[in-house]
Amino acid sequence: MNIRVEYKDSAGTITNKTHRLTRLSFAKHLAIAGQGYAPRPQKLIRTLAMFFHYSSYIQRQAFYNDRFSEPPIQLSDPTEKGQFSNLAGKAIADFLAKRIDNALFTVNYEAAMKKKGLSIKGSRPDLLAFNNNATFAIEAKGYSDGHGNMTTHKTQSQTGRIPVNFSVACVSYHLYNNFQCKYHDPYNDNVPYDNELLKKLTRQYYSGLAEFLNEKYFNYREIEIQGEKFYEVELSYKLFEKLFPEEFPFRHFWHFEILEYYRPRIILPTAIRDYAENGITNDIKPFIFDINKEQEKNLYIDNDRIGLQIRG
């Protein structure tokens, strides 16, 4: 999918950009964007269920013609469509924060509030993001029709109680026909960089993912991608018999036959145990994955060094 973005910079200058989003990269951002708690092996069922539940909205033919698909009319559900539009808006905002503002890490805004001991009340944006130079808030929207009032969205992005250097209104619209996006991010006041908050949030994030290196449940090996070392962790339906009690029927789902066909793997940085123990700071540079024609459908690694791979 080619995302056509109207980008408004800190000087108010508007330019048009195009960013390539593969279905695999969308799956990563859909699964993690906005999660309030760390991804863990026990959440695999939820992640798979969400992906399959919304599969009719991400059919290949529509996706690679730069739009999302819709279920057959007999399965149409306006509430479900609205839910997917909202999730897709967050996933795309998360993706574009990495591509446009070079974010190293993004997190659910409420999770960051809890880490800072702030009460969860009042208006707030959807996401909090960190790059090497700044912290910024993101208000993410996804609409089947027009983009609405960008001034209102921008105001919402500025309502949080966590000090940020700037805020972004990222609105994806006409999702199911002629998909476009507006990404507006003028700068606000300069504030000190909060490395302590980043360390706390990333300790939680990477500690959950580090559980995929438990050899009791998972097989993994070390690989090299673009000159950097990673772990490739196999995901097999057989591991669910170990992860979940016998009384759960998950292992009988036909979805797990799909797992065996696609052989999905999670990609983790070899430094993940250190990240899980100490968190990261803005001294860590984001990993910039170079998508090429041979890899783009089979491998994706995000700026945070967490990726997905399927059978080539």
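The values are calculated or read from the model by the stated rules, or taken from the named source; none is laboratory data. What you see is a predicted model, and the numbers here were worked out from it, not measured in a lab. Virtual Cβ from ideal backbone geometry, glycine too; neighbours counted across all protein chains shown. Surface accessibility is based on the protein's heavy atoms, side chains included, excluding ligands, DNA and RNA. Shrake-Rupley method; radii C 1.70, N 1.55, O 1.52, S 1.80 Å.
Can you give the FRET efficiency for Glu277 and Arg4, using 1/(1 + (r/R0)^6), R0 = 51 Å, r = Cβ-Cβ distance, to the nearest 0.05?
After rounding to 0.05, the efficiency reads 0.75.
Could you work out which residue, out of Ala169, Ala88, Ala112, moves most in a Gaussian network model of the chain, that is, has the largest mean-square fluctuation with Cα springs under 10 Å? Looking only at Ala169, Ala88, Ala112, the largest GNM fluctuation is found for Ala112. Here segment 81-143 yields Rg over Rh of 1.00, to two decimals, using C-alpha coordinates and the Kirkwood radius. Rolling a 1.4 Å probe over the protein heavy atoms leaves Val164 with an accessible area of roughly 30 Å². For Ile58, the residues 5 or more places off, or on other chains, whose built amide H falls under 5 Å of its own are Ser69.
Taking the three principal axes of the alpha carbon atoms in the chain, the coordinate ranges are 53, 50, 40 Å, sorted in descending order.
Here segment 71-216 is treated with +1 on each Lys and Arg Cβ and -1 on each Asp and Glu Cβ, and its dipole about the Cα centre works out to around 320 debye.
With every protein chain in place and a 1.4 angstrom probe, the accessible-area ranking of Arg60, Arg20, largest first, reads Arg60, Arg20.
What the chain shows is 47 Å² of accessible area per residue, with the surface traced by a 1.4 Å probe over protein heavy atoms.
Between Asp66 and Glu196, the modelled label-to-label distance comes to 4.7 nm, taking each label 7 Å out from Cα in the direction of the beta carbon. Counting only Cβ charges, +1 for Lys and Arg and -1 for Asp and Glu, the dipole size of the chain around its Cα centre is about 240 debye. Estimated at 0.36 nm per residue, the fully extended path between Gln74 and Lys121 surpasses their Cα-Cα distance by 13.0 nm.
Share of antiparallel DSSP beta bridges in the chain, in percent to the nearest 5? Counting only bridges with both partners in the chain, antiparallel ones make up about 80 percent. Placing a pseudo-label 7 Å from each Cα along the Cα-to-Cβ vector at Gln83 and Thr151 gives an inter-label distance of 3.5 nm.
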